[in-house]
Each structure stands twice: as C-alpha cells, then as structure tokens.
Amino acid sequence: MNVIHKIGVILFLLCPYISLYGQEGKDTLTFRIVSYNVENLFDSRHDTLKNDYEFLPDATRHWNYSKYRKKLDNIARVIIATGGWTPPALVALCEVENDSVMRDLTRYSALREADYRYVMTQSPDERGIDVALLYQRNLFKLLSYQSLPVDKPRKNSRPTRDILHVSGLLLNRDTLDVLVAHFPSRSGGAKESEPYRLLAARKVKHAIDSLYTIRRHPQIVLLGDFNDYPENKSVKEVLEAAPSTLQDSLRPQKLYHLLAGKVKTRKHSGSYKYQGEWGLLDHIIVSGTLLQERAPLHTEEAKADIFCLPFLLTRDKKYGGKQPFRTYYGMKHQGGYSDHLPVYAEFRLIY
C-alpha cells in the first residue's frame with residue numbers, strides 16, 4: 001500500500017469525526033441591536049408625580065390620543081425598518097414616559113407581530129422620561145435587570161435618568177450584558193452641564209468594570225443617547241472608548257466605539273443635527289471580546305451604522321440640506337418620527 005493510498009484510507013476512517021467536529025457549534029445567526037432616542041414618547045394622560053404637562057390635550061402642543069397613536073405607529077415602523085429583513089433582537093429606547101407607553105408600543109402598534117418583551121427604568125427624572133430595552137425572547141432569555149441611579153453633582157441639582165443594566169442568555173448559553181443610558185442634557189450649556197454627564201459615565205464605567213471581574217467571558221454592549229460626542233470627556237476619558245478601527249492592539253477588557261471612526265471620516269454624518277451641524281450623540285460601544293472574529297458572538301465596525309432612509313429626513317429650511325423628520329417643529333405638529341436617527345450594529349452568533 002503506497003503512502004498516498006494509506007493517507008486516503010486514514011482520511012476516510014476519520015471522515016465521520018471530521019464532519020462532526022466541523023458541524024459542532026457551526027450554526028450561525030445574524031441579528032441587529034439598535035439604539036433609538038424616540039423624542040418624547042408620552043401618552044396623553046397626566047401622571048400626578050411628573051411634570052408632563054407639555055404633552056396633554058389642553059397644553060400648548062395639544063397632544064392627544066390620535067397624535068399619540070400615530071407616534072406609536074411611526075416608532076414601530078422605524079424599528080422594523082432598522083432591523084432589515086427581521087425585527088432587531090434588541091432595541092434600546094430613550095425618552096419613553098412609562099410602562100403604559102411601552103405596553104402600547106409592544107401590543108397595539110405594528111410591533112405586536114414581533115412578540116417583543118421589555119424592561120425599563122423608573123427614574124426620578126422630573127419629566128418622567130426613562131430608558132427601556134425591547135428584546136425577543138427566542139433570542140435573548142432575560143436573566144436579570146436593574147436600575148443604576150446616577151448621583152447628582154450638587155444637592156440641589158435635578159435628578160436624572162437611571163442607567164438600565166440587563167443580562168440575558170443567548171442561544172449558545174453565553175451571557176450578554178446590555179447597558180442602556182440617557183445621559184443628562186446640555187441644557188444651560190455644554191460646559192456647564194458636563195459634570196452631570198461625567199457622573200453618569202463614571203456610573204456606567206464602574207458597572208462595566210464590575211462585570212469584567214465577575215464574568216468568565218464578558219460580553220458587553222453599551223447603548224444610548226449620551227448627549228456627548230465621541231471626542232468628549234465622558235466617552236473618550238471616562239469610558240475610554242477607543243475607535244473600533246484600532247484593532248491592532250485589541251484588548252478584551254476594553255471598550256470600543258463602533259461608530260466613532262466611521263462618522264469622523266464622513267461629511268454631514270451623525271444621528272442628531274444641531275444648528276446646522278450633524279453630530280453623533282447616539283452610541284454603540286462594545287467590549288473587546290465582541291470584536292474578536294472567532295468569538296461565539298462578534299461584530300465589526302463595517303456592520304454598524306446610522307440608519308438614515310429618506311422617510312426619516314425632511315428639508316432643513318433654516319440651515320439647508322436635510323434634518324431628522326421630528327414629531328414637532330417648534331410647536332407645530334409635523335407627525336414625524338424623532339429628532340434623532342437610530343443607530344445599529346449587526347452581530348453574528350455561533351451556537
């Protein structure tokens with residue numbers, strides 16, 4: 001028996017084992033994770049504990065049930081569209097008023113067919129706006145969730161939104177930790193209000209550092225509207241989120257920004273437009289473990305972007321070009337979507 005023939009016999013005998021090994025853990029699934037500030041998703045009823053008077057039928061905006069239902073359908077349409085062929089597996093939402101709004105969104109809008117469940121914070125924010133996470137139970141089995149309160153910089157400072165931390169099991173039985181944040185606004189000026197956002201960022205960083213110590217294989221996704229840009233201190237210095245293009249020195253226990261590098265190289269690109277200038281206030285940041293190509297769950301910069309279809313934009317009459325098609329323009333009801341554009345990242349799961 002010559003050498004070539006012997007090798008052929010050996011390969012034939014090993015073929016079943018090679019085949020089984022090749023199939024093991026090779027089922028794959030791609031899905032999207034989305035972050036979207038939905039701009040004042042209020043119902044039309046008064047919450048006696050909150051300052052929601054602006055969005056009541058007898059208020060200046062004349063917010064009512066029909067406008068509210070249209071807003072629900074608009075938000076549902078955007079979420080479904082952002083998912084591409086299938087609804088996103090996870091959707092982080094900022095500026096949702098209460099549990100009633102989330103129930104209506106998941107049960108009585110176009111999202112009802114997607115069979116979403118949700119968790120949300122119950123923050124001390126004076127207006128009553130919170131953050132929430134929609135999830136599909138067949139892809140993400142909820143393990144736990146908690147609200148992480150953010151300290152006030154001064155005793156008389158207004159309270160802000162809690163950070164939402166959600167843990168769930170994926171199809172491969174690995175844990176995915178998702179944090180949803182809506183940092184304090186720039187009201188009063190970017191510099192003057194910066195200490196508020198730095199405190200919120202430190203709260204997030206502390207939570208993530210804790211996960212690094214307790215998880216054997218930490219998989220972390222941080223989403224939301226930070227009211228800061230990638231180059232601001234809260235993102236660059238506190239969170240230390242590096243552009244995901246810097247993968248030559250990829251470290252598992254470090255945070256990487258999926259959109260920062262991409263937006264920097266584009267003109268007129270961002271998720272929010274302020275005084276004629278586009279900028280990125282909405283972020284998707286991941287742990288380095290999720291950028292490893294051979295990891296069971298991974299993504300890459302090329303798979304993340306701002307979702308910007310024409311129906312989400314309208315003409316910017318003041319500064320030129322386009323701007324997000326929002327619900328109100330000043331006090332005029334336009335019936336649009338939001339003053340932010342959604343951002344997303346596509347992940348590949350091997351299970």
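Conditions: (1) more than 20 Å from the chain's Cα centre (by Cα); (2) modelled with pLDDT under 95. Thr86 meets all but one. Number of the miss? The number of the failed condition is (1).
Number of residues in region 185-225 that are touching a Pro at 6+ places or on another chain (Cβ under 7 Å) and crowded, with 22+ Cβ neighbours inside 10 Å equals 3. Of the set (1) surrounded by fewer than 21 Cβ atoms within 10 Å (Cβ to Cβ); (2) closer than 21 Å to Leu170 by Cβ; (3) not β-branched (Val, Ile, Thr), all apply to Ser287 but (1). If you go through region 150-201 and pick out every residue that is free of Cβ contacts under 8 Å to residues at least 40 places away in the same chain, of a type outside the set (A, V, I, L, M, F, W, C) and closer than 16 Å to Leu281 by Cα, you end up with 5. In region 204-231, what residues are touching a residue at least 40 places away in the same chain (Cβ under 8 Å) and more than 27 Å from Ala295 (Cβ to Cβ)? Once the filter is applied, which keeps residues that are touching a residue at least 40 places away in the same chain (Cβ under 8 Å) and more than 27 Å from Ala295 (Cβ to Cβ), region 204-231 yields Asp225, Asn227, Asp228, Tyr229. The set of residues in region 239-267 that are surrounded by fewer than 14 Cβ atoms within 10 Å (Cβ to Cβ) and either under 15 Å from the mean Cα position of the chain (by Cα) or among the polar types (S, T, N, Q) (or both) comprises Ser249, Thr265.
Screening the candidates Tyr36, Tyr118, Tyr68 for the property of being among the aromatic types (Phe, Trp, Tyr) and surrounded by 23 or more Cβ atoms within 10 Å (Cβ to Cβ) yields one hit, Tyr36. Would you mind stating whether Gly270 is within 19 Å of Lys71 (Cβ to Cβ), open to solvent by less than 20 Å² (accessible area, probe 1.4 Å) and among the small types (Gly, Ala, Ser)? Judged against the criteria, Gly270 is not a match.
Out of Ser35, Ser66, one residue alone is at pLDDT 95 or above and farther than 29 Å from His298 by Cβ. It is Ser66. At pLDDT 95 or above, open to solvent by less than 40 Å² (accessible area, probe 1.4 Å) and of a type in the set (Gly, Ala, Ser): does that describe Ala92? So Ala92 fits the description; yes. Candidates are the residues of region 305-351 that are in contact (Cβ under 8 Å) with a residue 60 or more places away in the chain and aliphatic (A, V, I, L, M); the one that is surrounded by the most Cβ atoms within 10 Å (Cβ to Cβ) is Val343. For region 141-184, the tally of residues that are of a type in the set (A, V, I, L, M), open to solvent by 10 Å² or more (accessible area, probe 1.4 Å) and not in a loop (DSSP other than H, G, I, E, B) stands at 4.
Can you say whether Asp151 is among the charged types (D, E, K, R), in contact with a strand residue (DSSP E or B) (Cβ under 6 Å, 6 or more places away or on another chain) and more than 26 Å from Trp278 (Cα to Cα), as far as the supplied structure shows? Criteria not met by Asp151.
The values are calculated or read from the model by the stated rules, or taken from the named source; none is laboratory data. What you are looking at is a predicted structure, and each value in this text was computed from that prediction instead of being measured. Quick reminder, even Gly has a Cβ in these numbers, built from the backbone with ideal geometry, and neighbours come from all protein chains shown. Quick note on the areas: whole protein, heavy atoms, side chains included, nothing else; ligands and nucleic acids left out. Shrake-Rupley method; radii C 1.70, N 1.55, O 1.52, S 1.80 Å.
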